[in-house]
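Here the structure is laid out as structure tokens; the discussion comes afterwards.
What follows draws every value from the coordinates through simple rules; no lab data is involved. Keep in mind the model is a prediction, meaning the values are calculated, not measured. For neighbour counting, all protein chains shown are included, and Cβ atoms are generated from backbone atoms with ideal geometry for every residue, glycine included.
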């Protein structure tokens, strides 16, 4: 289904997505939106792995399995991250990074 | 079809990081993840696309929306960085993107014409539990331990302090 679409097009999309995620990570102040930016970054890396697998080494499935494992790690990271965020909210009544400025209260 | 998916991904990615309403940002993220699953379908990795839909779109987005509802009011507008930080971040990320795109453009990839390996559920399942060539048993086991550790960690971190005290008394 990907005849006529060069590898470069996929790489351009994933590169732009990666840097949009970094932009969000730099400009957002809310911890949950920063977590969402991280999800964007991880997702763009997944696209890269899958596309390289499909175009350069179609006889293997290494990129496919790497993406599967990255998805699992992203799920674990989101679960622990959100647990920490909820704990921070319980202690500070806020999840803005500017107002969370001490490790103990 | 590819251009439609690429446009969806880029537009909704920008909306995710710029939307002032946090719940809308989460829904835009959902659209980005679903479009990515579409790209996997386009590349004929259907199992990966299904996993992307269930774990990302079904699991992580629901988790994020739940945490948004727990920690902020729906009508609340998120605080964004000042224009100075915004412009500087845009410049830095723009420069990074330009540099990466130039590097990609100057590198010549030679697409392989080898026969495509099938990735049906049977193939994926066999590869995940077999060792040796094209076997992924070790990463599979490591990820299962990681998921267990993450689950226990999430429970312990999110637990209330009071529960901890009462438990100590019982002991």
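The table below lists the values:
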| read-out | value |
| --- | --- |
| Qualifying residues in the range A:23-33 (those that are part of a helix (DSSP H, G or I) and surrounded by fewer than 20 Cβ atoms within 10 Å (Cβ to Cβ)) - the one nearest to the other protein chains (Cβ to nearest Cβ) | A:26 |
| Test: residue in the range A:36-57 that is within 7 Å of chain B (Cβ to nearest Cβ) and surrounded by fewer than 17 Cβ atoms within 10 Å (Cβ to Cβ) | yes |
| So residue A:3, is it in a loop (DSSP other than H, G, I, E, B), more than 7 Å from chain B (Cβ to nearest Cβ), surrounded by fewer than 22 Cβ atoms within 10 Å (Cβ to Cβ) and free of Cβ contacts under 8 Å to residues at least 40 places away in the same chain | yes |
| Residue tally, condition over 14 Å from the mean Cα position of the chain (by Cα), at the interface with another protein chain (Cβ under 7 Å from one of its Cβ atoms) and closer than 21 Å to residue A:89 by Cα, over the range B:15-67 | 3 |
| In the range A:75-103, residue nearest to residue B:55 (Cα to Cα) [restricted to those that are assigned to a helix (DSSP H, G or I), more than 7 Å from every other protein chain (Cβ to nearest Cβ) and free of Cβ contacts under 8 Å to residues at least 40 places away in the same chain] | A:77 |
| Some residue of the range B:3-14 being crowded, with 17+ Cβ neighbours inside 10 Å, more than 8 Å from chain A (Cβ to nearest Cβ) and not in a helix (DSSP H, G or I) | no |
| Members of the range B:105-129 found to be closer than 29 Å to residue B:60 by Cβ and either in contact with a helix residue (DSSP H, G or I) (Cβ under 8 Å, 6 or more places away or on another chain) or at the interface with chain A (Cβ under 8 Å from one of its Cβ atoms) (or both), listed by number | B:117, B:119, B:120, B:121, B:123, B:124, B:127, B:128, B:129 |
